[in-house]
Amino acid sequence: MKVKRYIANDAQEAMLKVKAELGANAVILHSRKIKRPGLLSFLKKPLIEMVAAVEENEKEKRYNIKNEKSEKNEKKHVNKPEESYKIDELKQQVGNIESLLNSFIDKMDESKELEEPKRSALFDRYYNHLVESNIEKSIVEKIMNIARKQVSFSGENEEVIAKAIKIIIREYLATPNIINEDSKEQKRIVLVGPTGVGKTTTLAKLAAKFAIGKNKSVGLITADTYRIAAVEQLRTYSEILDVPIKVIYEPEEIQEAIEAFKDKDIILIDTAGRNHRSIEQLEEVKELISYINNPDIFLVISATTGYKDIISIIKSYDFIKDYHLLFTKLDEASGLGNILNAKILTNKKLSYVTTGQSVPDDIENANSEKIANIIVGESHE
């Protein structure tokens, strides 16, 4: 067996060299990228190192097959020392090949760090900033690897670097999907989510947005009878906004309440905040939704929620196949990275965000560019 090492600009060139010298029957034992020599090697495309091997050539094989019988006939005449020598020589060749392969494997392990592009201080600064903004590390890795391919991380490029990262985050967030207020069909909007995320206040903000801002006829339905304060809070908002309200105590009562609002453009439905770890409580939400035809469901999550809890919440509500993400309490969050985390985890559209307690002012359409700017560190007016 013949083993040889080749260096080329790319894999295609390396393969051509292998085939040209060792033939089409050559076997690739190992290939990897290696740095180019020189001080500026990190700016250049790495070289390809390829190790190939080939058995004895076809002519020798045919010759051996042709003379196999004659060798057998002459076997009696071959003395034992000569035969022993050939076996020892073959063992030595196999040992040499094994040593060569082990040597290449060792070199590959030793140079593993050299194959990774060296991270600059500027790269690490942006990387750490995204992590501090609560973006999950695996997502930060994706963002920064994409950015590194697009722009060089040097001081003179800092403005371009920031812009590149913003664009990547914006593309991940995608275009939000908000309620089409001009639709001729009645919209039935259901807010679901864990306790304490501000669903009732958010429902009131949406009611004001549609009734006052868009001049739509709105009806309110609340199933949150576990908290008396929640019902009274929504009643107060309904009186201020001059919007009718229905209170239901059992899931099946939702049909009658919807029928009573058949003349409304938009029906907003508030569900009780449920413990996302309680299967029994979530079954009540599931049953309620089953009685509603063509609902627009919004999973409400606080921007202050930790990443592990967001994963748990998303898993708990996976019985809902189609929903939008609505984030509250952006004004209280230390970073907006969890908005990006949830968007990537669910692959669901963003919708609205809330930025305070004021009704109806502190709610707005989710703006991917604005969120990206805030995450990267630039205020957006």
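The values are calculated or read from the model by the stated rules, or taken from the named source; none is laboratory data. Quick caveat: nothing in here was measured; it's all calculated off a predicted structure. Note that we place each Cβ from the backbone using ideal geometry, even for glycine, and neighbour counts take in every protein chain shown.
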Practice prompt. Give region 133-170 a look and list any residue that's surrounded by 12 or more Cβ atoms within 10 Å (Cβ to Cβ) and of a type in the set (D, E), or say none.
Written response: E136, E141, E158
Fill in: Which listed residue is under 28 Å from K142 (Cα atoms) and surrounded by fewer than 21 Cβ atoms within 10 Å (Cβ to Cβ), from I279, I314
I314
Fill in: Residues that are touching a Lys or Arg at 6+ places or on another chain (Cβ under 9 Å) and without any contact (Cβ under 8 Å) to a residue 24 or more places away in the chain, drawn from region 178-193
N180, D182
Response to the item:
The residue from I178, I189 that alone is surrounded by fewer than 19 Cβ atoms within 10 Å (Cβ to Cβ), of a type outside the set (G, A, S) and within 25 Å of K315 (Cα to Cα) is I178
Worksheet entry | Tally of residues being among the β-branched types (V, I, T) and farther than 18 Å from A207 by Cα across region 315-364 | 4
Practice prompt. Determine which member of the set V243, V247, V231, V218 is touching a helix residue (DSSP H, G or I) at 6+ places or on another chain (Cβ under 8 Å) and surrounded by fewer than 19 Cβ atoms within 10 Å (Cβ to Cβ).
Written response: V247
Worksheet entry | Subset of region 331-359 (residues that are in a helix (DSSP H, G or I) and under 18 Å from I139 (Cα atoms)) | G337, N338, I339, L340, N341, A342, K343, I344, L345, T346
Item to complete: May I ask you to say which residue of I97, I143, I139, I135 is at pLDDT 65 or above and outside any helix (DSSP H, G or I)?
Response: I135
Worksheet entry | helices (runs of 4 or more DSSP H) enclosed by region 1-90 - at least 3 residues per element that are modelled with pLDDT under 75 | 58-66, 68-74
Worksheet, complete the sentence: Note on I169: of the conditions (1) at negative phi; (2) modelled with pLDDT under 95, unmet is (2)
Discussion item. So D318 passes all but one of these: (1) acidic (D, E); (2) closer than 23 Å to A229 by Cβ; (3) out of contact with any Asp or Glu (no Cβ under 7 Å at 6 or more places or on another chain). Which condition number does it fail?
Written reply: (2)
